[in-house]
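Novice: My structure is below; once you've seen it, I'll send some questions.
The values are calculated or read from the model by the stated rules, or taken from the named source; none is laboratory data. What you see is a predicted model, and the numbers here were worked out from it, not measured in a lab. Neighbour counts are summed over all protein chains in view; Cβ atoms, including those assigned to glycine, are modelled from backbone coordinates with ideal geometry. SASA here: full protein model, heavy atoms, side chains in, ligands and nucleic acids out. Shrake-Rupley method; radii C 1.70, N 1.55, O 1.52, S 1.80 Å.
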Amino acid sequence: GLPVIFYTDSATTQTFTVDIRGFTVEIVAGATAFTWHTGDGTELTSTDPGAPYPHQTVSHDYPSGTYTARLTVTWGATYRVDGGVSTDVPGTTTTDGPPVTFDILQARPVLTNPYD
């Protein structure tokens, strides 16, 4: 009866600085969406990376069984040349995290008589 908590602690912003023909180009990529493929046909999409217990923000309930879940992160970016104005990079791209397989078990209470 407990939900499975999804979150990632990977960096949600990455900065790259490259030299292109004498110009310093700074690219800042930021995660714009997190899509959790739960393995049971459900997809959960969030703009935050989730959080661990007790501050969880992304969770999912499963029936008993074995599931393989994975995360797809959608990235947007900006760039600037020689410290100038930051400009949006058109479009987005995605990266997929490794799949994780896990078992969902169900505990059932059983009453017993300790005096038998």
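Novice: Of the residues that sit in segment 1-52 and are free of Cβ contacts under 8 Å to residues at least 12 places away in the same chain and more than 27 Å from THR68 (Cβ to Cβ), which one is most open to solvent (accessible area, probe 1.4 Å)?
Specialist: ARG21
Novice: Do any residues in segment 62-86 that are within 29 Å of PRO3 (Cβ to Cβ) have Cβ atoms under 7 Å from those of residues that are among the aliphatic types (A, V, I, L, M) and assigned to a loop (DSSP other than H, G, I, E, B), where the two are at least six apart or on different chains, and which pairs are they?
Specialist: Cβ pairs passing all conditions: SER64/LEU105.
Novice: Against the condition within 30 Å of VAL18 (Cβ to Cβ), of a type in the set (S, T, N, Q) and either open to solvent by less than 40 Å² (accessible area, probe 1.4 Å) or in contact with a Phe, Trp or Tyr (Cβ under 9 Å, 6 or more places away or on another chain) (or both), how does THR66 come out, does it pass?
Specialist: On the way: within 30 Å of VAL18 (Cβ to Cβ): no; of a type in the set (S, T, N, Q): yes; either open to solvent by less than 40 Å² (accessible area, probe 1.4 Å) or in contact with a Phe, Trp or Tyr (Cβ under 9 Å, 6 or more places away or on another chain) (or both): yes.
Spelling it out, it is not the case that THR66 is within 30 Å of VAL18 (Cβ to Cβ), of a type in the set (S, T, N, Q) and either open to solvent by less than 40 Å² (accessible area, probe 1.4 Å) or in contact with a Phe, Trp or Tyr (Cβ under 9 Å, 6 or more places away or on another chain) (or both).
Novice: Given the criteria of a type in the set (A, V, I, L, M), touching a residue at least 24 places away in the same chain (Cβ under 8 Å) and on the phi < 0 side of the Ramachandran plot, does VAL58 qualify? Let's see the steps before the verdict.
Specialist: Details: of a type in the set (A, V, I, L, M): yes; touching a residue at least 24 places away in the same chain (Cβ under 8 Å): yes; on the phi < 0 side of the Ramachandran plot: yes.
Yes.
Novice: Can you find even one residue in segment 101-109 that is of a type in the set (Lys, Arg) and farther than 14 Å from PHE6 by Cα? Spell out the reasoning first.
Specialist: Narrowing segment 101-109 to residues of a type in the set (Lys, Arg): 108.
Cutting the leftovers down to farther than 14 Å from PHE6 by Cα gives us 108.
Yes: one or more hits.
Novice: Evaluate the following for LEU111: is it open to solvent by 70 Å² or more (accessible area, probe 1.4 Å) and either modelled with pLDDT of 95 or more or of a type outside the set (Asp, Glu) (or both)? Steps first, please.
Specialist: Details: open to solvent by 70 Å² or more (accessible area, probe 1.4 Å): yes; either modelled with pLDDT of 95 or more or of a type outside the set (Asp, Glu) (or both): yes.
So LEU111 passes the test.
Novice: Take residues that are more than 14 Å from the chain's Cα centre (by Cα) and tell me which of the strands (runs of 3 or more DSSP E) falling wholly in segment 16-101 contain 2 or more.
Specialist: On the way: elements: 23-37, 43-46, 65-81, 93-96.
Because the criterion is at least 2 residues that are more than 14 Å from the chain's Cα centre (by Cα), the strands (runs of 3 or more DSSP E) in segment 16-101 that meet it are 23-37, 65-81.
Novice: Would you confirm, using the coordinates I've provided, whether TYR79 is open to solvent by 60 Å² or more (accessible area, probe 1.4 Å), within 16 Å of ALA29 (Cβ to Cβ), out of contact with any Gly (no Cβ under 7 Å at 6 or more places or on another chain) and not basic (Lys, Arg)?
Specialist: On the way: open to solvent by 60 Å² or more (accessible area, probe 1.4 Å): yes; within 16 Å of ALA29 (Cβ to Cβ): yes; out of contact with any Gly (no Cβ under 7 Å at 6 or more places or on another chain): yes; not basic (Lys, Arg): yes.
When the stated conditions are applied, TYR79 passes them.
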